[in-house]
Amino acid sequence: MNVMSDRPALEITDLSHRFGARLALDQVSLRVERGEFTALLGPNGAGKTTLFSIITRLYSNRSGRVSIFGHNLQVEPSAALAEMGVVFQTRTLDLDLTVRQNLAYHASLHGMGGRRAVERIEYLLDRTGLSSRAKDKVRTLSGGQSRRIEIARSLIHAPRLLLLDEATVGLDLASRADIVRIVRSLVRDEGLSVLWATHIFDEVEEDDSVYVLHHGKIIMQGRAGDIADQGGNVTLADAFRALTADANQETSR
């Protein structure tokens, strides 16, 4: 039996990180199970982007452990990162290249070329609903369309784990709904594992696994519906406001 096959897509244990004297992450632990959509819910400044920067090796963790499909990120970084695709909050497409050129360039960075790259690009363009825009320069796309291309780009090497940091920020309601729908369809149809960082409550569904991050600490974990019901709250937003208010009171004592 392969022990690795039983490991979660992402497992973070007791992860802390400082910027000088400021503690940005405080013993954060979370898991993303295989084939599951997991939401990391927190306001701006909660530490979501710092956490993503450590998972993707932009920052190096000095305490705690990050494991991706059983690969320790510090011990086996290449094996761990090969399993992962990332969509950061900051837009990073080349505006003067076409959609297809952006994807082809990224494929080449992963050592993909020829027919394999072409087939993968065509599949992802179809999957994200942008086949008709393949020859258009990225600067002609809407914000939502650009985000869909960034998702396609992050999946070019067929990773099994996808991280998205505030992927819908700045988009209108219809575009946000499109992005969420595409990502959830990948979870449902392809067994993709997803960590979705957001501060927007209506992107989270009742059965989602949710971690609430506030001031660098995980202050609640569970199914979204269970968190919403806690303490007689009507919605997840109500529960979040109650949780963060309690956390703020504890911090000020």
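The values are calculated or read from the model by the stated rules, or taken from the named source; none is laboratory data. Being a predicted model, the structure only gives us computed values, none of them experimental. Here Cβ is always computed from backbone atoms with ideal geometry, including for glycine, and neighbour counts include all displayed protein chains.
Residues of the stretch 231-245 that are at pLDDT below 80, assigned to a helix (DSSP H, G or I) and farther than 14 Å from Ile218 by Cβ: Gly231, Gly232, Ala245. Could you grab me the full set of residues in the stretch 78-92 that are loosely packed, with under 13 Cβ neighbours inside 10 Å and small (Gly, Ala, Ser)? Result: Ser78, single match. Of all residues assigned to the stretch 207-219, none qualifies as being over 28 Å from Arg18 (Cβ atoms), among the aliphatic types (A, V, I, L, M) and crowded, with 20+ Cβ neighbours inside 10 Å.
Kindly indicate which of Leu109, Leu95 is touching a residue at least 40 places away in the same chain (Cβ under 8 Å), exposed (fewer than 14 other Cβ atoms within 10 Å of the Cβ) and within 30 Å of Thr140 (Cβ to Cβ).
Values: Leu109 fails: touching a residue at least 40 places away in the same chain (Cβ under 8 Å).
Step by step, each of Leu109, Leu95 is checked, and only Leu95 is touching a residue at least 40 places away in the same chain (Cβ under 8 Å), exposed (fewer than 14 other Cβ atoms within 10 Å of the Cβ) and within 30 Å of Thr140 (Cβ to Cβ).
Name the single residue that is farthest from the chain's Cα centre (by Cα) among those in the stretch 45-66 being free of Cβ contacts under 8 Å to residues at least 24 places away in the same chain and assigned to a loop (DSSP other than H, G, I, E, B). Checking each candidate, the answer is Ser60. Among residues of the stretch 69-84 that are of a type in the set (Phe, Trp, Tyr), those with a beta-carbon under 6 Å from a residue that is at pLDDT 95 or above and surrounded by fewer than 20 Cβ atoms within 10 Å (Cβ to Cβ) at least six positions away or on a different chain give the pairs Phe69/Glu83. If the condition is being surrounded by 18 or more Cβ atoms within 10 Å (Cβ to Cβ) and in a loop (DSSP other than H, G, I, E, B), then the stretch 113-145 contributes Thr128, Leu130, Leu141. Residues in the stretch 146-184 that are in contact (Cβ under 8 Å) with a residue 12 or more places away in the chain, assigned to a helix (DSSP H, G or I) and not aliphatic (A, V, I, L, M): Ser146, Arg147, Arg148, Glu150, Arg153, Ser154, Ser175, Arg176, Asp178, Arg184.
Yes/no per residue for (1) of a type in the set (Asp, Glu); (2) within 20 Å of Val183 (Cα to Cα):
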position: Ala104; (1), (2): no, no
position: Leu109; (1), (2): no, no
position: Glu122; (1), (2): yes, yes
position: Asp126; (1), (2): yes, yes
position: Gly129; (1), (2): no, yes
position: Arg139; (1), (2): no, no
position: Arg147; (1), (2): no, yes
position: Pro159; (1), (2): no, yes
position: Leu164; (1), (2): no, yes
